[in-house]
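Trainee: One structure is given below, represented as structure tokens, and several questions about it will come after.
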Amino acid sequence: MKILIKNGRVIDPKNNIDSKLDVFIAAGKIVGLGKSPDSFVANQTIDASGLIVCPGLVDLSTRLREPGNEYKATLESELQAAVAGGVTSLACQPDTNPVLDEPGLVEMLKHRTKQLNLARVYPLGALTRQLQGKELAEMGALREAGCVGYSQANIAITDTQVLWRAMEYAATFGFTLFLHAEEPFLAKGGVAHDGEVASRLGLKGIPSAAEALALASILRIAKETGARVHISRLSTADGVDMIRNAKKQGVNISCDVSANQLHLTEHDIAYFNANCHLKPPLRTQRDKESLSAGLQDGTVDAICSDHTPVDDDAKLAPFAEAELGATGLELLLALTLKWAQQEKLAISHAIACISSASARILGIPAGDLSVNADADICIFDANEYWKVEPKALKSQGKNTPFSGLEIAGKVKVTLVHGQVVYQSE
């Protein structure tokens with residue numbers, strides 16, 4: 001199949017491209033930019049006039065819910081949501097049922113993904129057996145099965161000796177650990193940021209110190225062992241400062257922020273809006289501004305969707321009892337563009353935060369439009385507004401704090417390996 005994408009504004013942050021170019025695709029690869037290869041005759045032409053052509057988005061933190069929790073979401077529904085949002089590659093967390101701590105489970109997930117022929121899935125294996133924080137999982141075998149890194153999802157390792165051994169092992173073999181920084185005893189029973197809103201609503205709080213204390217341990221051990229560590233979903237101003245200082249000291253660290261944290265604060269909980277029951281909790285305006293500043297100066301490397309589909313009934317419970325999470329794959333592009341517009345940033349900077357930067361962290365061949373690269377491409381209209389209507393979302397999880405929001409950035413076409421896997425109606 002030979003495809004010509006013509007008249008589009010091509011933005012490829014990794015290669016510093018931002019100009020009107022034609023893109024030529026053959027055998028699943030990009031074979032030319034601007035200039036047609038010899039004897040190229042397109043079977044299909046996509047007119048991208050007035051649209052932006054960029055690398056397929058890469059998401060660092062999603063929950064696909066399969067295996068084990070198909071009543072919340074299926075692999076097919078969530079990968080359809082991914083391509084509808086322009087996401088062509090995604091990292092999935094290991095907290096499925098059963099936990100992704102066995103090579104056979106990872107291979108099964110990869111096989112199911114390949115059959116669906118939608119977005120590419122890069123599993124994060126469990127760092128410890130059953131995510132219990134006691135014994136290390138078979139990291140080498142999980143890597144051979146297809147894991148690109150290792151994570152504890154939202155479950156902390158309380159035994160620092162286990163964490164130290166994990167980092168020593170990871171450093172020896174060049175593995176990346178994806179860790180969420182939260183001190184579990186300080187956070188125990190908490191459901192919202194420990195501040196004025198939680199106090200007013202009578203909700204048990206999670207202090208900012210819970211992130212800072214956990215982060216201090218992680219950063220110190222990473223410095224001692226030389227391990228490569230990625231902090232998932234940073235949420236506080238103190239956390240940004242600590243990452244900034246660690247990078248200056250040469251610690252091999254990177255981090256991301258959830259798109260939710262760039263637009264929402266503790267005040268959005270309002271009258272116990274369970275769609276705002278998230279982990280990490282929504283923090284203060286100061287934290288939100290610090291996270292945004294960190295993204296702009298390079299302290300924070302990328303933006304993730306933190307896609308966590310939840311079935312409707314689980315969100316009908318009172319705020320403190322409602323299940324954590326919100327759908328995010330289909331909103332990642334639009335929320336990132338909205339953030340960039342608010343901060344008066346170039347659109348190329350926004351795209352880099354959800355493509356090339358994320359691909360670099362995962363160590364995967366994605367996030368750019370280089371010649372001979374796989375043709376994973378997102379074509380979108382940056383100026384077309386659409387209304388976030390939960391029922392219209394492809395994801396099985398319909399819960400989002402952005403319901404009813406009019407937002408710009410509409411995905412028109414998504415290609416994976418040179419095949420059109422999504423086209424807007």
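Trainee: Restricting to the stretch 288-318, name every residue that is under 18 Å from L179 (Cβ atoms), in a helix (DSSP H, G or I) and either in contact with an Asp or Glu (Cβ under 7 Å, 6 or more places away or on another chain) or not small (G, A, S) (or both).
Mentor: The one that is under 18 Å from L179 (Cβ atoms), in a helix (DSSP H, G or I) and either in contact with an Asp or Glu (Cβ under 7 Å, 6 or more places away or on another chain) or not small (G, A, S) (or both): L291.
Trainee: Tally time: how many residues in the stretch 53-71 are open to solvent by 20 Å² or more (accessible area, probe 1.4 Å) and more than 16 Å from A119 (Cα to Cα)?
Mentor: Number satisfying all stated conditions: 4.
Trainee: Next up: Kindly indicate the residue of the stretch 255-274 that is touching a strand residue (DSSP E or B) at 6+ places or on another chain (Cβ under 9 Å) and surrounded by fewer than 23 Cβ atoms within 10 Å (Cβ to Cβ) and also nearest to F319 (Cα to Cα) among those meeting that condition.
Mentor: Step by step, filter the stretch 255-274, then rank; the result is T265.
Trainee: Ok, one more. Filter the stretch 13-49 down to residues that are open to solvent by less than 50 Å² (accessible area, probe 1.4 Å) and either outside any strand (DSSP E or B) or touching a helix residue (DSSP H, G or I) at 6+ places or on another chain (Cβ under 8 Å) (or both) and give me whichever is nearest to N383 (Cα to Cα).
Mentor: Result: A48.
Trainee: Of the conditions (1) surrounded by fewer than 17 Cβ atoms within 10 Å (Cβ to Cβ); (2) in contact with a Phe, Trp or Tyr (Cβ under 6 Å, 6 or more places away or on another chain), S151 satisfies every one except a single condition; which number is it?
Mentor: (1)
Trainee: Follow-up question, since we're still on this one. Just to be sure, is V99 touching a strand residue (DSSP E or B) at 6+ places or on another chain (Cβ under 6 Å), closer than 18 Å to I364 by Cβ and in contact (Cβ under 8 Å) with a residue 12 or more places away in the chain?
Mentor: On the way: touching a strand residue (DSSP E or B) at 6+ places or on another chain (Cβ under 6 Å): yes; closer than 18 Å to I364 by Cβ: no; in contact (Cβ under 8 Å) with a residue 12 or more places away in the chain: yes.
No; evaluated as a whole, the condition is false for this residue.
Trainee: Do you know which residues across the stretch 332-341 are farther than 10 Å from I407 by Cβ, touching a residue at least 40 places away in the same chain (Cβ under 8 Å) and not hydroxyl-bearing (S, T, Y)?
Mentor: Scanning the stretch 332-341 gives L332, W339, Q341.
Trainee: Let me ask something else. Any idea how many residues of the stretch 50-85 are among the small types (G, A, S), more than 22 Å from V420 (Cα to Cα) and not in a loop (DSSP other than H, G, I, E, B)?
Mentor: The qualifying residues number 1.
Trainee: Let me ask something additional. Among the residues of the stretch 184-219, what is the count of those that are open to solvent by 40 Å² or more (accessible area, probe 1.4 Å) and closer than 20 Å to L136 by Cα?
Mentor: 2
Trainee: Does D159 satisfy being without any contact (Cβ under 8 Å) to a residue 24 or more places away in the chain, surrounded by fewer than 23 Cβ atoms within 10 Å (Cβ to Cβ) and of a type in the set (D, E)?
Mentor: In short, no.
Trainee: Then there's this: Out of curiosity, is L90 farther than 24 Å from K410 by Cα and in contact (Cβ under 8 Å) with a residue 24 or more places away in the chain?
Mentor: Taking the combined requirement at face value, the residue does not satisfy it.
Trainee: If the requirement is being more than 22 Å from L333 (Cα to Cα) and surrounded by 23 or more Cβ atoms within 10 Å (Cβ to Cβ), which of these qualifies: T236, T284?
Mentor: Matching residue, one of T236, T284: T236.
Trainee: Might you let me know whether the stretch 322-340 holds any residue that is among the acidic types (D, E), assigned to a helix (DSSP H, G or I) and within 24 Å of H193 (Cα to Cα)?
Mentor: Keep residues of the stretch 322-340 that are among the acidic types (D, E), which gives 323, 330.
Now drop any that are not assigned to a helix (DSSP H, G or I), which leaves 330.
Keeping just the survivors that are within 24 Å of H193 (Cα to Cα) gives none.
Taking every residue of the stretch 322-340 in turn, none turns out to be among the acidic types (D, E), assigned to a helix (DSSP H, G or I) and within 24 Å of H193 (Cα to Cα).
Trainee: A further question on this structure: State all residues of the stretch 366-384 that are open to solvent by 30 Å² or more (accessible area, probe 1.4 Å) and part of a loop (DSSP other than H, G, I, E, B); if no residue qualifies, say none.
Mentor: S370, V371, N372
Trainee: Now for a different question. Quick one: what pairs do we get from the stretch 107-125, first residue touching a residue at least 40 places away in the same chain (Cβ under 8 Å), second part of a strand (DSSP E or B) and open to solvent by 70 Å² or more (accessible area, probe 1.4 Å), C-beta under 8 Å, 6+ apart or different chains?
Mentor: N117/Q419
Trainee: For the condition closer than 30 Å to P280 by Cβ, modelled with pLDDT of 95 or more and touching a strand residue (DSSP E or B) at 6+ places or on another chain (Cβ under 7 Å), what is the one hit in V23, V53, V83, V31?
Mentor: V83
Trainee: If you don't mind, another one. Considering only residues that are β-branched (V, I, T) and under 22 Å from R360 (Cβ atoms), look in the stretch 84-96 and name the one that is surrounded by the fewest Cβ atoms within 10 Å (Cβ to Cβ).
Mentor: T88
Trainee: Which ones in the stretch 395-421 are open to solvent by 50 Å² or more (accessible area, probe 1.4 Å), in a strand (DSSP E or B) and among the polar types (S, T, N, Q)?
Mentor: Q419, the sole residue that qualifies.
Trainee: While we're looking at this one, here's another question. Quick check on this structure: which one of A227, A210 is under 24 Å from the mean Cα position of the chain (by Cα) and under 19 Å from R283 (Cβ atoms)?
Mentor: A210
Trainee: For the stretch 341-361, give me each residue that is surrounded by fewer than 20 Cβ atoms within 10 Å (Cβ to Cβ) and of a type in the set (A, V, I, L, M).
Mentor: L345, A346, I347
The values are calculated or read from the model by the stated rules, or taken from the named source; none is laboratory data. Quantities reported herein were computed from a predicted structural model and do not represent experimental measurements. For neighbour counting, all protein chains shown are included, and Cβ atoms are generated from backbone atoms with ideal geometry for every residue, glycine included. Side chains are part of the model used for accessible areas, which takes the heavy atoms of the whole protein and leaves out ligands, DNA and RNA. Shrake-Rupley method; radii C 1.70, N 1.55, O 1.52, S 1.80 Å.
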